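Following: one structure in structure tokens, then a few remarks.
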Amino acid sequence: MNYPDVLLSPIPIGPHVLRNRVVRAAMATNYATSAGRVTDRLVEYYGSIAAGGTGLVIVEFAFIDRMVSRSWPRQLSASEDSDVTGLSRIAAAIQKSGARAALQLCHAGPQRIPAGQRQWVPSVSGQARTGTLHAIDSDEIAGVKASFTRAAQRARSAGFDFAELHLAHGYLLSEFLAPDRNQRSDEYGGSFAARMRFSLEVVASVRAGTEDGLPLIARINGSDLREGGLGPEDAASLAVALTSVGVQAIHVSAGTYESRHLRSTPTYGERGNLVELAARVKRDVRVPVIASGGLSDPEHLDAILSSGAADLVSMARQLHADPQWVAKVASGHPQSIRPCIRCNNGCLRRGIDGEPVTCDVRPEIATRSTAKPAARKKSVAVVGGGPAGMEAARLLAVRGHHVTLFEARHELGGGLVAAARPSFKHDLARFLEYQKGALESLPVVIKLGTRLSSKDLLALDAEEIVLAAGSHPRRLPADDDAVVMTAEEAVTGTLDSGARVAVIGGGVTGSETAWHLAQLGHAVTVYERESQLARSAESNHRQWLTDALTRLGVHTVLNTEIHTVAADGTPRFADGNPAGPAANAVVVAVGAEKNEWFTRPARTSGKPVHRVGDCASPGDLAAALASAWEAGCRI
Ligand SMILES: Cc1cc2nc3c(=O)[nH]c(=O)nc-3n(C[C@H](O)[C@H](O)[C@H](O)COP(=O)(O)O)c2cc1C
Ligand code: SF4
């Protein structure tokens, strides 16, 4: 079969046929109430993922009892019979458009947020976490089995097609499987057969308790991704054992909270890094295997299936960023998929902080608004073709306005062009291509190489103006002879090979610039006034960034504020003393100031002027897109 035929071909799991092989992996949202009850937002959210064509939608992990099984503060509940009514609304919303619905059931074990709560573990010794750890006894094990069973009965009563049992990610059942975490001496610890016992008994109990039939999927770790944890061979044996007690599909993931940067990989990480773990499991089992982890590109997914590495593929973040993924592939428009850039900001970071998840590239989630057709079609001039200008132009055109986009440079993208240049920023490059493609498919008039003066802008017959003029990088006083440049210039220009480069400012931009330059073979030193590099970055990203800099031998000087640059490129403290050696080139990455262009004329223009992106307030991509979205909806 040719692409995307395999991806879109139906497949049975147990008694149910899925319309295609695309699975939405469970992804907690914090959209439930603080009691774990279903909200309208949850129902709409899952309905929209199903409406986008997804074959199987696995609803986020639900806690199974009111004891200590809960992980996230606003986690969904399957712990009480009174949850069934709400859960049935989610199942119905998913099934309405032809998708199959699964509910994931989970006991948190030691993964409880916020930390410090009572945590159930197989044994107190061997744990990565501290706090109130409790090694559960045999009565409590029996209680957990009963809780899983009752929760599965509720899933069945609510009309779900499947339950997915969570045996992965370092939650309770996963910890029993791990040799280093399970140091029990009873029948639930010791040999691998003993460590599997709890999981297998849960499956048996659930199956016995749902005699009218609730097919089960097991989410397992193909590896715990740490020395001493569950490895790929044991994972394959576990999968075989699970299928022998009636599990009808295996969903292969990996890692625990400590290694989540290898599961929900940040933008710098390899995509599909866990597929080989799924392939290992698939060699040994006869039921469908679902591969997961960093998947996004339809051709890549189709190739995974065609190679026989897995029978289905799951995505969590990508279907959050664009629930229409399947519909766009099926209609032959994969280029219109809004790519997840794996920033982990709106989803993972907020989720772990207990906030409802948003998405950095999908502003409508945070603003909780939808784009309605314009009541009256207007002519709108958008000035600036960076990410905010492009998003505003796109949305305005979608809503029916007549849009002209003016960009001074000869290409669209603004600051995104340089930001997406390093080889490790491939996700951002894809996002830029998506933005450009979206504009090409709409009747937006794009005028490149057109730098408007205030007079030009005032003379246009546009009824409203969107200003997306970006920002100016902050500068440092420097001797005229010093070679000083912005991060953008450093990334897009060329330096003499083997140059000694000082990067002033070790935020995300400075650190990524240092990484890029070090990759090109330059000897780089980063000066940062804080005690940590990339302080504002999501923790997984910070970890990858600092690891990369260390690997490439980048020298970092923390707690050091540079005030001036000498003629020979020596960064200097406020008192004029040198902070480090001279450099052939100095890159200044100490933030940005908004472009105030057109502020005064705007007041007297008599036209509504909407400032978006960095020229409203310098910030990250999410902030730029959100302000553009709001302006695009307002006009
Ligand atoms: C915000 C967030 C919440 C998640 N919640 C769950 C969950 O409830 N259950 C689960 O098994 N995995 C959960 N995961 C892990 C994802 O299912 C998935 O394995 C991981 O993000 C890698 O896949 P992706 O690159 O397609 O996102 C979550 C991931 C994120 C980012
Ligand atoms: S917030 Fe970032 S990582 Fe999460 S889905 Fe959106 S783009 Fe992807």
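Take LYS377 and ASP575, extend 7 Å from each Cα along the Cα→Cβ direction, and tell me the distance between the two endpoints in nm.
Between LYS377 and ASP575, the simple spin-label model gives 6.8 nm.
What FRET efficiency, computed as 1/(1 + (r/R0)^6) with R0 = 35 Å and r the Cβ-Cβ distance, is obtained for HIS563 and ASP353, rounded to the nearest 0.05?
E between HIS563 and ASP353, to the nearest 0.05, is 0.50.
Note down the nm distance, to one decimal, between modelled labels 7 Å out along Cα→Cβ at SER185 and at SER536.
Going by the 7 Å Cα→Cβ label model, 5.5 nm.
What spacing in nm lies between the two simple spin-label points modelled at ARG368 and THR604, each 7 Å away from Cα in the Cβ direction?
My value for the distance between the label points is 4.3 nm.
Compute the length gained on full extension between ALA408 and ASP479: take 0.36 nm times their separation in residues and subtract their Cα-Cα distance, giving the result in nm to one decimal.
22.6 nm
Could you list the residues of region 184-213 with an amide nitrogen less than 19 Å from a label point located 7 Å from the Cα of SER244 in the Cα-to-C-beta direction?
187-208
Subtract the Cα-Cα distance of ARG118 and GLU227 from 0.36 nm times their separation in residues, and report this length gain in nm to one decimal.
Difference between extended and current length: 36.6 nm.
What angle do you read, to the nearest 10 degrees and between 0 and 90, between the alpha-carbon axis of helix 539-551 and the longest principal axis of the chain?
Here the helix axis deviates by roughly 70 degrees.
Express in nm, to one decimal, how much length is gained between TYR3 and HIS134 on full extension, taking 0.36 nm for each residue of separation and deducting their alpha carbon distance.
Full-extension gain reported as 42.1 nm.
Which percentage, to the nearest 5, of the DSSP beta bridges contained in the chain is antiparallel?
Once the DSSP bridges in the chain are tallied, antiparallel ones form about 10 percent.
Mind computing the radius of gyration and Dmax over the alpha-carbon atoms of region 493-635? Å is fine for both.
18.7, 56
Quick check: the angle from helix 387-398's long axis to the longest principal axis of the chain, C-alpha only, nearest 10 degrees?
Approximately 70 degrees, to the nearest ten.
Between the helical axis of 426-440 and the dominant principal axis of the chain, each derived from Cα atoms, what acute angle in degrees is found, rounded to the nearest 10?
70
What are the equivalent ellipsoid semi-axes of region 309-356, built from the alpha-carbon gyration tensor (square roots of five times its eigenvalues), in whole angstrom, biggest first?
Calculated on Cα positions only, the semi-axes equal 24, 14, 8 Å.
So, taking all protein chains as they sit and a 1.4 Å probe, how much accessible area belongs to ARG350, in Å² rounded to tens?
80
At a Förster distance of 45 Å, what's the computed FRET efficiency of ALA92 paired with ASP547, Cβ-Cβ distance as r, to 0.05?
The formula returns an efficiency of 0.50 here.
For the chain, count the residues as N, evaluate 2.2 N^0.38 Å, and divide the Cα radius of gyration by that value, please.
1.04
At a probe radius of 1.4 Å, what is the per-residue accessible area of GLU270, in Å² to the nearest 10?
Rounded to the nearest 10, the figure is 130 Å².
The values are calculated or read from the model by the stated rules, or taken from the named source; none is laboratory data. Because the structure is predicted, anything quoted here is derived from the model rather than measured. All Cβ positions, even for glycine, are placed from backbone atoms using ideal geometry, and neighbour counts span all protein chains on display. What goes into the accessible areas is simple: the full protein's heavy atoms, side chains included, and nothing from ligands, DNA or RNA. Shrake-Rupley method; radii C 1.70, N 1.55, O 1.52, S 1.80 Å.
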